[in-house]
Each structure stands twice: as C-alpha cells, then as structure tokens.
Amino acid sequence: MDKLQADKRRIERVKYQMQNCMPEFARRFFRDNIGVMAAGSMEGYANDLVAFFGYLDSIGKDSMSMTLFDLNHISSSLIEDFLDYSSTRIVKG
C-alpha cells in the first residue's frame with residue numbers, strides 16, 4: 001500500500017470516529033483540518049480524543065453532548081484521572 005492509500009484509510013477512520021464518537025465541536029475541528037494536517041497526526045489526535053471521550057462516558061458524563069463551554073470546565077484532576085486510567089488499560093482507538 002502506498003502512502004496516498006494509507007493516508008486515505010487514515011482519513012476514513014478519522015471520519016468514522018468523527019461521526020460516531022465525537023461531540024460537534026470536535027467533529028468541526030477535524031472537518032476543518034482534513035487536508036491541512038497530516039493524516040497520521042489527525043488519526044493520532046482522533047484516537048486520543050476518542051479515548052478521552054470514552055473515559056468521560058465511563059464516569060457518567062455524556063461526551064457526545066459536550067460543548068466547548070463544558071470542555072473548558074474540565075478540571076486538571078479529571079485529566080490526571082484519565083491519564084492514570086489510560087496508563088493501566090488498553091484503550092481502543
């Protein structure tokens with residue numbers, strides 16, 4: 001598989017994650033950056049965000065309905081808890 005085909009597959013995976021695993025503000029970010037950012041970087045960022053949103057869902061927060069306002073009110077301790085969680089579990093991205 002050449003680089004162009006690999007990049008297309010990465011973008012398709014990102015698009016799937018955008019539609020199924022991300023709130024609107026995150027979808028908008030990725031939609032605005034397709035073709036601007038490297039496909040591998042986009043896929044990595046998407047995987048990380050999907051893992052974070054999945055963690056939020058697992059602790060009772062509805063990540064799909066989050067807004068930027070909600071995101072701005074995420075505490076540093078919640079992020080630290082996610083980092084602890086993600087270092088001890090295999091997170092699918």
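The values are calculated or read from the model by the stated rules, or taken from the named source; none is laboratory data. Model, not experiment: these values are computed from the prediction. All Cβ positions, even for glycine, are placed from backbone atoms using ideal geometry, and neighbour counts span all protein chains on display. Keep in mind that these areas ignore ligands, DNA and RNA; they rest on the heavy atoms of the full protein, side chains included. Shrake-Rupley method; radii C 1.70, N 1.55, O 1.52, S 1.80 Å.
Just a few scattered comments:
- For Asp62, the accessible surface of its heavy atoms amounts to roughly 90 Å² (probe 1.4 Å, protein chains only, rounded to the nearest 10).
- Heavy atoms of the protein chains alone define the surface here; on that basis the chain has 67 Å² accessible area per residue at 1.4 Å probe size.
- Between the beta carbons of Ile59 and Lys3, assuming R0 = 41 Å, the FRET efficiency works out to 0.60 to the nearest 0.05.
- Against the chain, whose longest principal axis is taken from its Cα atoms, helix 3-21 shows a tilt of about 30°.
- Computed accessible area, Arg89, all protein chains, 1.4 angstrom probe, square angstrom: 130 Å²
- Rg followed by Dmax, in Å, when the chain is reduced to its Cα trace: 14.0, 43
- Share of carbon and sulfur in the accessible area of the chain stands at 53%, probe radius 1.4 Å.
- Among Ser41, Ser58, Ser77, the largest mean-square fluctuation in a Gaussian network model of the chain, built with springs joining Cα atoms closer than 10 Å, belongs to Ser77.
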